[in-house]
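Inspection log for the structure reproduced underneath, given as structure tokens.
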Amino acid sequence: MPKNIKGREIAEIIPDKCIACQLCIGECPINAIDMQGGAVRIDPEACAGCGRCLDVCPANAILFEKPVRKKMTGIGQKPHPLEGYRGIAVFIEAHDGTGAEVSWELVGKARELAEKLETQVLGFLPGTDVEPVAREAIAYGCDTVYMVDNPLLQKYLSRMYGRALAHMCNQVKPEILLVGATSLGRDLASVVATQLETGLTADCTGLDINPQERLLLMTRPTFGGNIMATILCRNHRPQMSTVRPKVMKLPKKDTGRRGEIRTFDLETSQEVVQVPRIIDFIPRAAEVGGVDITRAEVLVVIGKGACDPRHLPMFEELAMLMGGTVACSRPVVQSGLLPHIRQVGQTGKTVAPKVYIGVAVSGAVQHLVGMQGAEKIVAINIARQAPLVQIADYALIGDYREIIPKLIKGIESRIKVIR
Ligand SMILES: Cc1cc2nc3c(=O)[nH]c(=O)nc-3n(C[C@H](O)[C@H](O)[C@H](O)COP(=O)(O)OP(=O)(O)OC[C@H]3O[C@@H](n4cnc5c(N)ncnc54)[C@H](O)[C@@H]3O)c2cc1C
């Protein structure tokens, strides 16, 4: 370990690994880190050896070994408030006997994180008649599923679900709780975080682990999407995060996997619910056959440069020929050409189609965070330097008004040959 002239053990940058993200600069409490000539530098004489830069570095580019904190064992000493928390829990969202896909995506991510922490993946499943969903959770990667099976949990109500999930957390004490950022999950996560008096990082686009300190590194866009911040919850448990659908990869289902299902009783009554009677339950448009761009395998995404109502039929034809649907960037919604349910990006939907075709989409960061999970990216753009062109698997440089009719013709002639 390098030391400064005062003999203090200090952190050092590993230049080959450093990606110059500057997160360490923001984290350093005494401004001992800065940029010099495009490279990050730690001032050895100023460094206090706190190791906070190590916690936030996403590239393992900091050489530092944190001193191991002494455990409190003496009589009369209070146990550390973070002790005894183990396991990565995922809230399993269930509707009419089916688990939400985002829950399985999070179980897949939890497995990856659990390996780094050498711990278990736990499913927390409140609902009514949800045992088949519990078995599905095991097939996707849970080691143990905790259920609260109660008739009062048939339809989602913040108070009841919040009570059930907080109860599970208090009993099982997971160190991490992941919740899908669906409309239900967003509401529930905030209720539970408030009840447990812990922190919550919403809409994370990346999750990782600092195994030394068992900290969850929760990364999400901030400042209007212009920087990616990695947020830590040091002093409270569980560390809570919501993640949107399609951000994490869906793991493979293994129906032969073995796991344990445990049931919790939850003492509750209709009075606790405080809703005398549910009059109606109105499903989202997507659930009654409306457009759901998150489920499409092919997306033809219209950008501002192609925001022309006369060309909409052409985009729809291309999408139809490829078995897909039309989506768009934010300016297209702002122009009124397409509704918000078709918007891709930070303030729209996160999508992960097999094929994403961006037509005159520049690829601003707020758009990219919503479509980076696409398997193949095609960019049609007049500008070679557009960010979307830079990350695309295939780029067609030119005017979309010339390119798309040719694409349609080409696909139609292939369909004729196949027939
Ligand atoms: C807080 C915040 C949240 C945001 N959330 C989102 C979001 O969720 N989703 C989102 O999309 N944006 C979002 N934005 C807006 C984002 O910053 C960009 O402004 C937006 O994504 C740009 O959309 P665009 O690529 O369609 O348009 P532009 O950036 O204007 O790009 C148009 C592209 O069209 C190309 N072009 C022009 N004419 C042609 C032609 N004839 N043929 C081929 N190519 C052509 C141009 O070269 C250019 O690359 C957000 C912004 C903020 C501040």
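The values are calculated or read from the model by the stated rules, or taken from the named source; none is laboratory data. Everything numeric here is computed off the predicted structure, so don't read it as measured data. FYI the Cβ positions are ideal-geometry reconstructions off the backbone, even for glycines, and counts take in every protein chain you see. Just so you know, the surface numbers come from the protein's heavy atoms only, side chains and all, with ligands and any DNA or RNA stripped out. Shrake-Rupley method; radii C 1.70, N 1.55, O 1.52, S 1.80 Å.
Below are the figures for this structure:
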{"item": "The chain - percent relative contact order, Cα under 8 Å, separation 6 or more", "result": "11 percent"}
{"item": "Isolated Cys residues of the chain, judged by Cβ distance under 4.7 Å to other cysteines", "result": "CYS18, CYS21, CYS28, CYS47, CYS50, CYS57, CYS142, CYS169, CYS204, CYS233, CYS307, CYS328"}
{"item": "In nm, spacing of pseudo-spin labels at THR98 and PHE281 (7 Å Cα→C-beta vector)", "result": "1.4 nm"}
{"item": "Stretch gain in nm, segment GLU316-ALA46, where the contour uses 0.36 nm per residue and the Cα spacing is subtracted", "result": "91.2 nm"}
{"item": "Highest average packing first - 149-157, 254-262, Cβ atoms within 10 Å", "result": "149-157, 254-262"}
{"item": "Within-15-Å neighbourhood charge of ALA59 [Cβ basis; K, R +1; D, E -1]", "result": "-4"}
{"item": "Rough spin-label spacing in nm, given labels placed 7 Å along Cα→Cβ, for GLN36 and LEU63", "result": "1.6 nm"}
{"item": "Charge tally in the Cβ shell below 14 Å around CYS328, where Lys, Arg are +1 and Asp, Glu are -1, CYS328 excluded", "result": "+2"}
{"item": "Sites LYS406 and SER335, calculated FRET efficiency, Cβ-Cβ separation with R0 30 Å, nearest 0.05", "result": "0.70"}
{"item": "Expected 222 nm ellipticity per residue - DSSP helices of 4 or more, -39500 (n - 2.57), all of the chain, to 500", "result": "-8000 deg cm²/dmol"}
{"item": "Derived scalar couplings ³J(HN,Hα) [the range 52-57; Karplus, 6.51 cos²θ - 1.76 cosθ + 1.60; whole Hz; x for Gly, Pro]", "result": "5, 4, 4, 5, 9, 5"}
{"item": "Cβ crowding within 10 Å averaged over residues, with 186-195, 82-91 ranked highest first", "result": "82-91, 186-195"}
{"item": "Accessible area in square angstrom per residue, the chain, 1.4 angstrom probe", "result": "53 Å²"}
{"item": "Local electrostatic count, GLY127, Cβ distance below 11 Å [Lys/Arg +1, Asp/Glu -1]", "result": "-4"}
{"item": "Inter-probe distance in nm under a simple model that places probes 7 Å from Cα toward Cβ, at LYS3 and ILE415", "result": "7.5 nm"}
{"item": "Antiparallel %, DSSP beta bridges [both residues in the chain], to 5", "result": "30 percent"}
{"item": "Anisotropy class of the range 110-215 from Cα gyration tensor, a/c 1.5 cut", "result": "oblate"}
{"item": "Prolate/oblate/rounded label for the chain (Cα gyration tensor, a/c 1.5)", "result": "oblate"}
{"item": "Portion, in percent, of the accessible area of the chain that falls on carbon or sulfur, probe 1.4 Å", "result": "51 percent"}
{"item": "Highest-MSF residue in the chain out of ILE279, ILE62, ILE33 [GNM, Cα springs under 10 Å]", "result": "ILE279"}
